[in-house]
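See below for the structure under consideration.
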Amino acid sequence: MGYNSRKITTDWTRQLCHFIKTLRYEDIPPAVVERAKMNIMQTIGVSLCGAELKQIKDAIDLAKEISPGSEGTATLWADGKKVSWEAAAFAAGTMGDMLDWEDCSVTGHPSAGVIPTAVIAAEVLKKSGKDLLTAVVAGYEVYQRVALAGDTNIVGFNIFACLPVLMKLLDLSEEQMNQAFGIGAACSIIPANVHEITMSDSLNYLYGYRAENTTTMIKTALNGICGLEDVFDEPTGYLLQMAYQEPDWLTKELGETFMMMNMILIKHWPANVFVQTYAELAARLVTKYRFNPDDIAEIIVRPSIAFRNWYTDVGYESATQAQLSLPYGTACAMYHPEPGAIWYQPETMKDPKIIALLNKVKADGFVEMGGMKIIKDMIDGKHPEKFMIVHMKDGTEYVESAFTHPGHPNYMLTRDAFKDRFRLETKHILSPEKIEGAIDCICNLEKYEDASVLPAFLY
């Protein structure tokens with residue numbers, strides 16, 4: 001026996017490859033197809049909305065700079081210029097997470113990887129709408145399983161949101177898929193979680209890097225690289241490094257239960273998942289009772305989330321910092337109950353009125369859960385009811401409560417609600433004609449023989 005002898009006792013990687021290869025549009029339940037369409041609509045909408053921020057303008061400029069030649073094959077969202085496939089993927093992936101408004105799961109934010117990758121690849125490859133939708137479903141299902149099997153690595157997991165999409169749309173063989181998974185695992189980042197300390201907006205760019213890099217990974221696999229097979233089965237490789245918790249998740253009910261239906265939470269507000277219900281309550285209160293937030297004496301939150309109680313006396317220095325602040329989300333939802341990029345403009349994050357109000361948000365107890373379990377409990381419907389009590393300076397009291405916000409798997413938005421959300425998200429970026437054109441195209445994707453028509457509506 002040689003030094004490199006391996007004993008593989010499972011075939012999880014090959015099962016995932018077989019699933020991707022054999023999945024057909026006709027195999028996907030209509031409700032899952034509909035959810036895929038709505039996830040596409042939501043992700044594109046919030047991506048375009050983020051184009052109002054300097055960070056995304058910079059990402060778009062960088063995409064133009066790194067794209068070779070004068071004309072590419074992929075459309076830059078919110079801009080219209082044709083650039084290289086990789087450059088467009090970088091920009092769209094970054095846009096997908098900029099407002100922290102796309103989705104959430106027990107495992108992170110798959111939409112920021114799945115949707116930009118699928119829409120751009122379908123454009124470049126001239127794939128049909130059915131092809132695009134099938135690839136989207138494959139991306140969500142594989143991502144969820146890889147991520148659930150391992151320990152937390154939210155951004156790194158997005159490699160496995162992008163790879164299955166490209167595998168499907170490029171029609172890789174199962175052997176090539178196996179190698180591509182190996183390349184992805186070798187390049188998956190270990191979770192340093194530096195953004196939790198620095199609150200840097202570089203976090204958003206990491207999603208762009210994943211979308212850009214996986215395009216090259218797939219091309220490498222197509223060029224015949226070998227020797228990286230069975231990466232999820234290798235006992236000393238990715239399995240060990242990512243501290244796998246339940247590896248059986250890799251293939252559990254694969255092709256039978258579609259996890260995107262019960263594990264994907266659509267965010268109703270541009271904020272961290274733990275801020276969602278509190279922002280919802282704040283917006284409901286100010287809209288329902290029409291009080292002036294300037295006249296608030298105190299806001300009581302019962303219970304709160306301890307590790308999202310970010311207070312400041314001087315304002316927030318980054319969008320990431322503000323997105324992870326429950327007091328900021330509460331105050332911003334009261335002054336700006338119509339959400340959008342305005343929440344994270346520098347002048348908003350340092351607005352004296354918002355800063356004064358967020359410091360009036362007080363916790364009455366905390367949700368005592370830790371790690372990713374808190375998200376799992378949230379999605380499973382085990383979170384406690386949240387209350388927000390507003391005490392006005394004149395003694396008036398207003399109360400609102402909710403278990404969760406619209407977009408939760410148990411409280412999913414209707415198609416009409418998704419459409420209205422898209423209109424709100426894109427009204428400062430697209431013309432009314434393009435907004436309605438994009439909505440119609442997404443809702444009828446299965447009718448298009450060439451899905452490359454969609455990007456024409458996105459600038």
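The values are calculated or read from the model by the stated rules, or taken from the named source; none is laboratory data. Being a predicted model, the structure only gives us computed values, none of them experimental. Neighbour counts run over all protein chains shown; Cβ positions are idealised from the backbone, glycine included.
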Check your understanding: So which of Met392, Met378 is surrounded by 18 or more Cβ atoms within 10 Å (Cβ to Cβ), in the same structural domain as Ala283 (by TED's automatic domain parsing) and in contact with a strand residue (DSSP E or B) (Cβ under 9 Å, 6 or more places away or on another chain)?
Key -> Met378
Practice item. Quickly run through the stretch 120-160 and pick out the residues that are in a helix (DSSP H, G or I), at pLDDT 95 or above and either among the small types (Gly, Ala, Ser) or not assigned by TED's automatic domain parsing to the domain that holds Phe258 (or both). Key: Ala121, Ala122, Gly129, Ala135, Ala138, Gly139
Exercise for review: For the stretch 347-369, name all the residues that are assigned to a strand (DSSP E or B) and basic (Lys, Arg).
Suggested key: Lys362
Review point. Could you give every pair whose Cβ atoms fall below 8 Å, whose first residue belongs to the stretch 302-316 and is assigned to a loop (DSSP other than H, G, I, E, B) and acidic (Asp, Glu), and whose second residue is crowded, with 17+ Cβ neighbours inside 10 Å and at pLDDT 95 or above, counting only separations of at least 6 or pairs across chains?
Key: Asp313/Ile355
Check your understanding: If you scan the stretch 326-346, which residues turn out to be within 18 Å of the chain's Cα centre (by Cα) and either among the hydroxyl-bearing types (Ser, Thr, Tyr) or part of a loop (DSSP other than H, G, I, E, B) (or both)?
Key -> Pro339, Gly340, Tyr344
Check your understanding: Looking at the stretch 34-76, which of its residues are touching a Lys or Arg at 6+ places or on another chain (Cβ under 9 Å) and either basic (Lys, Arg) or under 21 Å from Glu446 (Cβ atoms) (or both)?
Key -> Glu34, Lys37, Met38, Met41, Gln42, Gly45, Lys64
Review point. Take the residues of the stretch 370-389 that are in a helix (DSSP H, G or I) and either touching a residue at least 60 places away in the same chain (Cβ under 8 Å) or over 23 Å from the mean Cα position of the chain (by Cα) (or both): which is nearest to Gln55 (Cα to Cα)?
Key: Ile375
Check your understanding: If we keep just the residues of the stretch 243-272 that are at pLDDT below 90, outside any loop (DSSP other than H, G, I, E, B) and touching a Leu at 6+ places or on another chain (Cβ under 8 Å), which is farthest from Glu397 (Cα to Cα)?
Key -> Pro247
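Quick grid of which residues meet (1) without any contact (Cβ under 8 Å) to a residue 40 or more places away in the chain; (2) in contact with a helix residue (DSSP H, G or I) (Cβ under 7 Å, 6 or more places away or on another chain); (3) more than 18 Å from Leu172 (Cβ to Cβ):
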site	(1), (2), (3)
Pro68	yes, no, yes
Gly96	no, yes, yes
His109	no, yes, yes
Leu133	no, yes, yes
Glu141	no, yes, no
Exercise for review: Within the stretch 340-351, identify whether any single residue is closer than 25 Å to His383 by Cα and not β-branched (Val, Ile, Thr), and answer yes or no.
Suggested key: no
Check your understanding: In the stretch 278-297, which residues are assigned to a helix (DSSP H, G or I) and on the phi > 0 side of the Ramachandran plot?
Key -> none
Check your understanding: Is one or more of the residues making up the stretch 150-171 surrounded by fewer than 22 Cβ atoms within 10 Å (Cβ to Cβ) and within 16 Å of Asn223 (Cα to Cα)?
Key -> yes
Check your understanding: Do we find a residue being assigned by TED's automatic domain parsing to the domain that holds Gly113, modelled with pLDDT of 90 or more and within 19 Å of Leu23 (Cβ to Cβ) anywhere in the stretch 191-210?
Key -> no
Revision key, fill the gap. Condition set hydrophobic (A, V, I, L, M, F, W, C) and under 12 Å from the mean Cα position of the chain (by Cα), scope the stretch 107-130, selection surrounded by the fewest Cβ atoms within 10 Å (Cβ to Cβ): answer is Ile115
Review point. Would you pick out the residues in the stretch 405-431 that are assigned to a helix (DSSP H, G or I) and either touching a residue at least 24 places away in the same chain (Cβ under 8 Å) or over 28 Å from Ala279 (Cα atoms) (or both)?
Key: Arg415, Phe418, Lys419, Arg421, Phe422, Leu424, Glu425, Thr426
Review point. Can you spot a residue in the stretch 395-409 that is among the aromatic types (Phe, Trp, Tyr) and modelled with pLDDT under 95?
Key: yes
Exercise for review: Determine, yes or no, whether Lys57 is surrounded by fewer than 22 Cβ atoms within 10 Å (Cβ to Cβ) and under 21 Å from Ile115 (Cβ atoms).
Suggested key: yes
Check your understanding: In this structure, is Gly93 surrounded by fewer than 24 Cβ atoms within 10 Å (Cβ to Cβ), small (Gly, Ala, Ser) and touching an Asp or Glu at 6+ places or on another chain (Cβ under 9 Å)?
Key -> no
